[in-house]
1. In the stretch 291-345, what count of residues is obtained for those that are of a type in the set (Ser, Thr, Tyr) and modelled with pLDDT of 95 or more?
2. Tell me which helices (runs of 4 or more DSSP H) are completely within the stretch 355-459 and hold 1 or more residues being more than 30 Å from Ile188 (Cα to Cα), or say none if there are none.
3. Could you grab me the full set of residues in the stretch 433-454 that are crowded, with 21+ Cβ neighbours inside 10 Å and either of a type outside the set (A, V, I, L, M, F, W, C) or at positive phi (or both)?
4. Limited to the stretch 5-44, what total is found for residues that are within 27 Å of Gln197 (Cα to Cα) and assigned to a strand (DSSP E or B)?
5. Checking the condition in the same structural domain as Arg371 (by TED's automatic domain parsing), closer than 30 Å to Leu225 by Cβ and in contact with a Ser or Thr (Cβ under 8 Å, 6 or more places away or on another chain), which residue from Leu451, Leu434 passes?
6. Quick test for you: out of Tyr469, Tyr401, Tyr405, Tyr391, pick the one residue that is among the aromatic types (Phe, Trp, Tyr) and modelled with pLDDT of 95 or more.
7. When you scan the stretch 45-56, how many residues do you find that are in a loop (DSSP other than H, G, I, E, B) and either among the polar types (S, T, N, Q) or under 18 Å from the mean Cα position of the chain (by Cα) (or both)?
Amino acid sequence: MCGIVGVITQDISVNQDIFDALTIIQHRGQDAAGILTSSGRRLNLRKGNGLVRDVIRQKHMLKLTGKIGIGHVRYPTAGSDNPDESQPFYVNSPYGLGLVHNGNLINTDELTEDLIKADLRHLNTNSDSEILLNIVAHELQRVGQTVLTPKALFTALSAVYRRVQGAYSAVMVIHDYGLVAFRDPNGIRPLVYGKRQRSSGIEYMVASESIALDALGFEFIADVLPGEAVYFEKNGAVHRFQCAPCLQHTPCIFEYIYLARPDSVIDHISVYQARVGLGKALAEKIVRLRPDHDIGVVIPVPDTSRIPALALAHELGIHFSEGIVKNRYIGRTFIMPGQELRRSSVRLKLNAIRQEVAGKKVLLVDDSIVRGTTSQEIIQMVRDAGASKVYFASAAPMVCYPNIYGIDIPSSDELVAHGHSIDEIAKIIGADWLVYQDLDQVYEAINAAALSDEARLVRFEDSIFTGDYRVGSITKAFLSEWAQRRRKKNY
């Protein structure tokens, strides 16, 4: 769930806009950050492990000059502690290219072999983002034009789409030419773009989430469509081309449940309203299952569950309390590398307010339960603060299957719901009672948040709940090899 940004202007350096945008979408990745700019004479790059504010300091900003640029924030995955794996990546031929990427390619073995043996290109890392960049570079080289035209660019990208499988949203700098944004044919990972009017002309921004546009004064234009490429030339011209047919628009369902900021709009669906709907649906399920429940207070697990928890409490007519306080200087436990680090960080990150829970029957609401480690620690923390009973509600269905499209859930054996019943999971995490959201209610809540009837979707990428992988031939053997490969990287 990395975050990506691209900006192109007419007369001012893009470094500050990119820095600010990356800070706004820092929630999408706290492990590494980077910015690359094109100054007309050279490509300027700064990247490394850490938060945006720590990696990119004032001395770096002074060197990141140019009117075209891209940025990236990365959340940790297997083997990603190597700073060489951070983005952006760049190659000098043809033209000079820099790329940032959100998602996962799933045919990397085949692509790597083709790149090295047939395309005669060299790879420095194990990153699929570097693979994607080199495939684009090779296809542009095959077009073979001294002066790059939009038609040649889209011809090359169409060939890229024929070779690459998986989930990918990408933004690319073509040195001294412009900025390119493109998205996989299923539109799994989000990508939007907008414009800002200046006296010198129109400026454009591409970003993972619309909040980056909103906060920096860019007017939303559109989501990059599945299979579409958008080319922003340095002279201000904009070209759109459908490089691959939309197979079926299936955005990642977890964006609406957990990953995205609530003030973002993804594929014309309000993330905030979707989460309100999740809370209402969960309340209705609680009433169906336990009409005589004795819940005394509803408490969200900060921060992403606050919206569904408040809607749930309102629907049930039960007191809502911010009974758990978050230390905002500790990163997301879900995206921390390694189970022990996640476990040890929970008590540093969260603390229960004794006065709000002591002697009460508490319903904790979280956006989801993945590995169960965090849920277990939070439930025990609330018990230690004096709660008489602790119930637990998940705004998402049971997470039973690994994700291979850009979320770090690499193997089923790490998931508490895999192979366990709800009662067994409740016992494992220490809850007196546990309720999960139904998948059909998630679909209904998200589609009810659509800004128009046309934006409602038939399918989402929901493989972590269903095991139905929409892209590629995903077999048990593939998933087993995927998990083993991740383990070898010392996840």
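The values are calculated or read from the model by the stated rules, or taken from the named source; none is laboratory data. As the structure is a computational prediction, the values presented were derived from the model and not from experiment. Because the Cβ atoms are built from the backbone with ideal geometry, glycine has one as well, and the counts that use them run over all protein chains shown.
1. Within the stretch 291-345, residues that are of a type in the set (Ser, Thr, Tyr) and modelled with pLDDT of 95 or more number 2.
2. Details: elements: 373-384, 422-429, 439-448.
By residue number, 373-384, 422-429.
3. Tyr436, Gln437
4. So the count comes out to 11.
5. Working: Leu434 fails: closer than 30 Å to Leu225 by Cβ.
One residue alone meets the criteria, Leu451.
6. Result of the check over Tyr469, Tyr401, Tyr405, Tyr391: Tyr391.
7. Our first condition is that a residue be in a loop (DSSP other than H, G, I, E, B); within the stretch 45-56, this holds for 50-51, 56.
Adding the requirement that they be either among the polar types (S, T, N, Q) or under 18 Å from the mean Cα position of the chain (by Cα) (or both) leaves 50-51.
The qualifying residues number 2.
Matching residues to (1) more than 16 Å from Gly6 (Cα to Cα); (2) at pLDDT below 95; (3) touching a helix residue (DSSP H, G or I) at 6+ places or on another chain (Cβ under 7 Å):
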| position | (1), (2), (3) |
| --- | --- |
| Pro190 | no, no, yes |
| Ser199 | yes, yes, no |
| Val206 | no, no, no |
| Leu213 | no, no, no |
| Gly217 | no, no, no |
| Ile221 | no, no, no |
| Gly227 | yes, no, yes |
